[in-house]
């Protein structure tokens, strides 16, 4: 994948411009079904990862309505079940939606459903995760860069003596196409610099599975022999940290994360988690919404998607590829608080009062 946008502020401005351009075309008889109001299906993968329902869905709905006030939005959540999501795609086809914005539970398994939608004349915009099948466009972040940010942060937290020290890798769900990208990016930084004592794939990104896997790693490697934890997202970080604490590991080794969940920020302020990766939700949602609206109106995506991505079939599709941001206790104020994702009051709950003061948040 290539990411032409290398700065979060530039990315936001570029997407905002694209959204404005899409909105400019909204007045000219652009409904796809003989003048009827366009219907857009928004299919999210699960509620396990907090961002989907707390950030992405409301932002997507807001942006779609800004661009297309008369659009109807058909929402669905697959609850981490491929079969349910396949049925939801079928339902969207039956309802006659004009476009589908899809975050696939499993990119490979959804290929047939995407193909069915395409055969029905319904364009599919793949969002955050790259689906297989004949998608029309893609909006996401540079997955390898996410892994590189995590790997660099882990080495920094481990200090000058990182070489030869031992870590545990808590990778994501192998059915998620982003998992391999995160892992590849992380290993490009970590290989040869640290010893990977144990590595796990975590089905459905479940916090409980991370807890179980970390307990097994501690048993196999020893309480004192884990100097760092690569956790691919904040849910896996939470499970890993809980297991480390339950097994009396002290001090806690640095633990990475991703998705900038509120709980992760509180763990970062409190010193339990070292970092997370913030993928600015607003520009991603703006790009996905603009592409879905344009697709529903049978408009081209060239004015919105300036990047290209190659699908698993070798087909090149238009894409918006954004740049993620590493967040530690030192830049929470200048990233998530500044962007209005969370307030100081949300992060600095009473038990973190002293820690927030030390961090300069209060």
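Each residue in 68, 356 was given a count of other beta-carbon atoms within 10 angstrom of its own, and listing them fewest first yields 356, 68. When the Cα convex hull of region 127-201 is projected onto planes of every orientation, the mean area is 5.2 nm².
Quick check on the exposure proxy: order 322, 59, 262 from fewest to most C-beta atoms within 10 angstrom.
By the 10 Å Cβ count, ascending, the order reads 262, 59, 322.
Computed on the chain, with alpha-carbon pairs under 8 angstrom and 6+ residues apart, the relative contact order is 21 percent.
Computed over the chain, the per-residue total of -39500 (n - 2.57) for DSSP H runs of n ≥ 4 gives a 222 nm mean residue ellipticity of -12500 deg cm²/dmol, rounded to 500.
Between residue 247 and residue 338, the C-beta separation translates, for a Förster distance of 51 Å, into a calculated FRET efficiency of about 0.85.
With the convex hull constructed from alpha-carbon coordinates only, region 203-362 shows a mean projected area of 12.3 nm² over all directions. Computed with the Debye formula from one identical point scatterer per Cα of region 40-196, without solvent, the log10 of I(q)/I(0) at q = 0.11, 0.15, 0.19 Å⁻¹ comes to -0.51, -0.80, -1.10.
Report the calculated FRET efficiency for residue 36 and residue 79 (r = Cβ-Cβ distance, R0 = 22 Å), to the nearest 0.05. In this case the efficiency is close to 0.10. Averaging 1/r over each pair of different alpha-carbon atoms in region 295-362 and inverting the result gives 15.6 Å, the Kirkwood hydrodynamic radius. Mean sequence separation of contacting Cα pairs (under 8 Å, at least six apart), scaled by the length of region 108-223, corresponds to a relative contact order of 23 percent.
Kirkwood hydrodynamic radius of the chain, from the reciprocal of the average inverse Cα-Cα distance over all distinct pairs: 21.0 Å. For region 199-282, the convex hull drawn through the C-alpha positions has a volume of 85 cubic angstrom per residue.
Looking at the chain as a GNM with Cα springs under 10 Å, which of 197, 164, 235 has the largest mean-square fluctuation? Comparing 197, 164, 235 in the GNM, the peak value goes to 164. Percent of Cα pairs in region 250-330 per distance bin of 5 Å, from zero to the largest separation: 3, 13, 17, 15, 13, 11, 10, 9, 6, 2, 1, 0. Across all directions, the shadow cast by the convex hull of region 103-241 built on its C-alpha atoms averages 8.4 square nanometres. Using only Cα atoms, find the angle between the long axis of helix 8-24 and the longest principal axis of the chain, and express it within 0 to 90 degrees, rounded to the nearest 10. For 8-24 against the chain, the angle is about 20 degrees. Expressed in Å, the radius of gyration and Dmax of the Cα atoms of region 93-150 are 12.7, 42. Ranked by how many other Cβ atoms sit within 10 Å of their own Cβ, fewest first, the residues 230, 274 fall in the order 274, 230. Taking every C-alpha pair closer than 8 Å and separated by at least 6 residues, the mean separation divided by the residue count of region 51-122 gives a relative contact order of 28 percent.
The numbers here are math on the coordinates, done by the rules we state, and not lab data. Here the structure is a predicted model, which is why all the values come from computation and not from measurement. We place every Cβ from the backbone using ideal geometry, glycine too, and count neighbours over all the protein chains shown.
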